[in-house]
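The values are calculated or read from the model by the stated rules, or taken from the named source; none is laboratory data. Computed from a predicted structure; not experimentally measured. Cβ atoms come from the backbone with ideal geometry, glycine included; neighbour counts cover every protein chain shown. Areas reflect the complete protein model, heavy atoms only, side chains present, ligands, DNA and RNA absent. Shrake-Rupley method; radii C 1.70, N 1.55, O 1.52, S 1.80 Å.
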Amino acid sequence: MPAENQEIQDQPWLDPDAEPFIQIKGVTKQFGDFVAVSSVDLEIFKGELFCLLGGSGCGKSTLLRMLAGFETPTAGSIFIDGVEMGEVPPYERPVNMMFQSYALFPHMDVEKNVAYGLKRDGIDKEEIRLRVAEMLEMVELTDFRKRKPHQLSGGQRQRVALARALVKQPKVLLLDEPLAALDKRLRERTQFELMNIQDRLGVTFVVVTHDQEEAMTLSTRIAVMDVGKFVQIGTPTEIYEYPDNRMVADFIGSINMFEGRVTENGADHIRVRSAEADSEFFIDRGLSIKEGTKVWVAVRPEKIRVSKSSPDNTDENWLRGKVEEIGYLGSLSTYRVRLENGKIVDVTVSNQIRPKDGRHVVYWEDEVYLNWDAGSPVVLTK
Amino acid sequence: MAPLTKALDSGEGLGSYQQILVRVQHLLQAKWKTVLVVLPFFWLLLFFLAPFFIILKISVAEPLIASPPFSPLFEWTKDGAMTIRIIFDNYAYLWEDELYANTYISSLKISVISTLLCLLIGYPMAYAIVRASPTAKNILLLMVILPFWTSFLLRVYAWMGLLADQGLINDLLIWLGFIDSPVRLMYSHFAVYVGIVYTYVPFMILPLYANMEKLDLTLHEAAADLGAKPATTFLTVTLPMTWPGIAAGSLLVFIPATGEFIIPDLLGGGNVSMIGRVLFNEFHANHDWPVASAVAIALLILLVVPMMLYQRVQAKETEGS
């Protein structure tokens with residue numbers, strides 16, 4: 001019972017009685033003839049770190065700008081904390097935004113930038129001073145408070161932008177590609193800082209990003225967007241392990257996809273014959289797909305094992321090919337294996353064993369066998 | 001094999017020969033660059049400094065009824081010694097006669113008010129141009145520059161036609177029934193303000209436009225997001241960030257407007273006293289070149305202060321970006 005409670009608390013979207021904090025109902029945004037966002041519905045709960053993920057032009061930024069109030073929906077409505085936002089201008093919304101370009105005021109020093117929002121609220125000077133000092137302490141910029149934005153590094157500017165948005169204690173913090181402008185190392189560090197801050201303050205974060213890795217590490221839930229619509233909404237695990245369709249499977253991480261037809265549909269398993277793989281797939285889950293239906297069997301590269309001997313027990317769930325390329329990444333190696341019919345299969349193997357004499361067991365031009373567990377593949381119908 | 005051919009064969013000699021060629025080329029290029037930079041500067045220096053020193057020399061001379069109508073700076077006495085005669089009477093005269101001080105003040109007042117009017121008109125115009133669509137932007141900018149395609153003098157004469165008692169504006173007002181008899185528009189401060197503002201407003205718009213073009217519009221969104229109403233955003237973000245443009249435009253209007261001669265002469269007549277007219281009268285009507293030169297030098301000194309301010313603002317701006 002307590003375990004279940006904890007689960008509901010961590011995942012409020014599972015609780016049918018939970019009141020969503022942000023409600024997006026049938027929202028459409030058109031620019032002339034171009035439909036940027038097309039009739040989307042979404043519920044985001046208090047304390048979530050929600051990611052809108054998609055390629056450029058998918059409508060994720062437009063949706064974020066509608067939450068901030070910079071764009072008005074062509075149709076539909078947005079509620080934040082139970083209040084219809086409708087025509088509420090940006091300066092009266094209980095949200096703050098961290099801009100992709102940070103949009104720091106170049107003529108003000110760090111302290112004034114952070115204090116800007118508080119001054120607009122007519123808070124007295126002493127309190128502003130205290131809250132700004134506290135916020136600068138949190139983002140570790142106390143020593144830089146008298147610097148102008150152009151005297152700061154990219155990472156420091158990002159922290160000023162974060163402090164400036166958070167100091168107003170918004171109900172929702174909107175972040176537009178918060179880490180895009182940082183180099184890889186700084187990005188990783190900042191990612192965890194963001195999560196820490198979000199956890200500590202309990203503010204609801206809505207993050208827009210095109211970087212699937214960033215979305216995976218940061219978020220409680222992800223909405224994958226494509227041409228103005230959500231293609232799947234779910235936790236990072238759901239999105240990665242149980243993609244709804246080929247677009248999501250392909251967009252998140254890499255995946256090997258084999259087209260085929262269902263040949264057998266049992267209560268606890270299905271069989272798929274794939275001409276593309278020239279093989280038979282056995283999946284140990286019952287799925288309500290009619291025999292003869294065209295499907296795609298998708299297997300993630302890390303779920304495939306590579307061996308030099310053929311699996312002896314069965315002629316299902318294995319493929320044979322030749323190693324065409326090896327990408328050695330240190331912790332991992334990726335193999336591109338060409339099947340006899342020419343199809344390329346990507347395999348990722350974690351390098352658990354140190355190779356003897358610097359030579360890996362599987363090498364270029366080696367004849368290899370690929371196999372996987374019957375539970376690993378995903379069967380997609382669209 | 002001779003060493004030279006050997007070197008040529010191996011390509012070494014050829015290499016160094018080419019290197020020399022390249023070096024000579026560079027040297028020539030560098031020289032040309034220097035020439036290209038120095039020449040215009042020399043030109044400006046010659047044709048700014050030479051007249052300046054001539055005027056300065058005349059301003060410390062004595063008026064004579066002769067040709068030229070002033071005493072020479074150097075004179076040879078009978079025993080062959082050279083004397084230099086510098087008198088400050090002309091400057092003292094400017095100081096003593098209230099006419100000059102009053103005219104300077106009047107000129108400054110007219111150019112300050114004109115500058116403010118230009119700013120008031122030009123600022124929203126520049127802002128609108130920056131915000132316009134790319135096609136509209138080009139057309140609007142062209143319209144700002146278009147007046148320069150006609151002679152300045154012609155445009156002032158056109159204004160005389162518009163503002164005259166039997167002019168277009170009066171005719172229109174009578175025809176519309178707002179007035180019964182013509183209103184005096186010409187030869188007034190009003191006419192001078194109209195002329196100066198009309199002439200100089202492009203000089204305000206263009207630097208403002210150049211400055212505003214660089215303005216990042218997401219800063220406005222950021223201000224709104226942080227709770228600033230549009231008016232507050234303007235005062236706390238737009239205005240401080242366009243300050244360099246305001247300064248540049250204002251000085252480009254203020255400096256030439258102060259010394260303006262044609263507009264007060266043609267549109268203001270005898271009713272508007274500006275230093276340009278006084279200067280013209282001293283030269284032509286009074287034929288008193290030394291006093292006229294002193295008036296010019298005094299005006300220059302009066303304008304050097306704002307020019308230096310402008311330089312400082314510019315230096316600051318380049319430093320900031």
| message | Can you give me the distance in nm between label points at residue B:22 and residue A:237, each placed 7 Å from the Cα along the Cα-to-Cβ direction? | response | 6.3
| Quick one: longest stretch of chain B between exposed loop chymotrypsin sites (Phe, Trp or Tyr not before Pro), exposed meaning at most 14 other C-beta atoms within 10 Å and loop per DSSP? | B:89-177
| remark: Rounded to whole angstrom, the alpha-carbon centroid of the range A:192-224 lies from that of the range B:264-321 at a distance of 63
| query | What stretch of chain A, leaving out the sites themselves, is the longest with no chymotrypsin sites (Phe, Trp or Tyr not before Pro) in a DSSP loop having at most 15 other Cβ atoms within 10 Å? | reply | A:1-362
| field | Charge dipole magnitude, Cβ of K and R +1, D and E -1 - the protein assembly as shown, Cα centre, debye nearest 20 | value | 1720
| field | Efficiency of FRET from Cβ geometry, residue B:307 and residue A:137, R₀ 41 Å, rounded to 0.05 | value | 0.30
| task | With a 1.4 Å probe and every protein chain kept in, tell me what percent of the accessible surface of the protein assembly as shown is carbon plus sulfur. | result | 59
| query | Given only helices, namely DSSP H runs of n ≥ 4 each adding -39500 (n - 2.57), what is the per-residue ellipticity at 222 nm of the protein assembly as shown, to the nearest 500 deg cm²/dmol? | reply | -15000 deg cm²/dmol
| 1.4 Å probe accessible area per residue over chain A, in Å² | 50
| said: Given a 10 angstrom Cα cut-off, can you work out which residue in B:220, B:284, B:26 is the most mobile in a GNM of chain B? | reply: B:26
| Looking at this model, which pairs from A:146/A:171; A:25/A:60; A:303/A:356 are more than 18 angstrom apart at the alpha-carbon? | A:146/A:171; A:303/A:356
| query | Which value, in Å², gives the accessible area per residue of the range B:36-120 when a 1.4 Å probe is used on the protein heavy atoms? | reply | 73
| note | Expressed in angstrom and rounded, the centroid-to-centroid distance over alpha carbons for the range A:245-300 and the range B:36-96 is 99
| If the range A:223-264 were replaced by its equivalent ellipsoid, with semi-axes equal to the square roots of 5 times the Cα gyration tensor eigenvalues, what would those be, largest first, whole Å? | 21, 12, 10
| task | Note down the nm distance, to one decimal, between modelled labels 7 Å out along Cα→Cβ at residue A:365 and at residue B:150. | result | 8.5
| field | the range A:2-249: antiparallel DSSP beta bridges as a percent of all, rounded to 5 | value | 50
| query | With solvent modelled as a 1.4 Å probe, how much accessible area in total do chains A and B shield from it at their shared surface, in Å² to the nearest 100? | reply | 1700
| Does chain B classify as rounded, prolate or oblate by the C-alpha gyration tensor (a ≥ b ≥ c root eigenvalues; a/c under 1.5 gives rounded; else a/b over b/c gives prolate, otherwise oblate)? | oblate
| message | Between the range A:33-80 and the range B:116-134, how far is it from one alpha carbon centroid to the other, in angstrom? | response | 34
| task | Enumerate the calculated ³J(HN,Hα) couplings along the range A:347-356 in order (Karplus 6.51 cos²θ - 1.76 cosθ + 1.60, θ = phi - 60°), each rounded to whole Hz, writing x wherever the residue is Gly or Pro. | result | 9, 10, 10, 7, 7, 6, 10, 6, x, 6
| query | How big is the antiparallel share of DSSP beta bridges in the range A:175-309, given as a percent to the nearest 5? | reply | 90
| task | Return the long-range amide H neighbours of residue A:69 (sequence gap of 5 or more, or a different chain), with a cut-off of under 5 Å between placed amide H atoms. | result | none
| note | Taking every other residue with Cβ under 10 Å from the Cβ of residue B:61 and scoring Lys and Arg +1, Asp and Glu -1, one gets 0
| Residue by residue, what Karplus-based ³J(HN,Hα) values in Hz, rounded to whole numbers, does the range A:102-107 have, using 6.51, -1.76 and 1.60 with θ = phi - 60° and x for Gly and Pro? | 6, 6, 6, 6, x, 8
| message | With the cut-off at 1.5 for a/c, could you classify the range A:2-249 from its C-alpha gyration tensor as rounded, prolate or oblate? | response | prolate
| message | For the protein assembly as shown, give me the percentage of DSSP beta bridges that are antiparallel, rounded to the nearest 5 percent. | response | 80
| What FRET efficiency do you get for residue A:357 and residue A:150 if R0 is 56 Å and r is their Cβ-Cβ distance, rounded to the nearest 0.05? | 0.55
| Restricting attention to the range A:259-347, which trypsin sites (Lys or Arg not before Pro) occupy a DSSP loop and are surrounded by at most 15 other Cβ atoms within 10 Å? | A:285, A:290, A:308
| What ³J(HN,Hα) values, in whole Hz, does the Karplus curve 6.51 cos²θ - 1.76 cosθ + 1.60 give for the range A:210-215 when θ = phi - 60°, with x put for Gly and Pro? | 9, 9, 5, 5, 4, 4
| request: Write out the trypsin sites (Lys or Arg not before Pro) in the range A:112-159 meeting two conditions: DSSP loop, and at most 14 other Cβ atoms within 10 Å of their Cβ. | output: A:146
| So, counting K/R as plus one and D/E as minus one, what does the shell of residues with Cβ under 15 Å around residue A:92 add up to? | -1
| message | About the Cα centre, and with charges only on the beta carbon of Lys, Arg (+1) and Asp, Glu (-1), how big is the dipole of chain A? Nearest 20 debye, please. | response | 1360
| task | Using only Cα atoms, find the angle between the long axis of helix A:125-138 and the longest principal axis of chain A, and express it within 0 to 90 degrees, rounded to the nearest 10. | result | 20
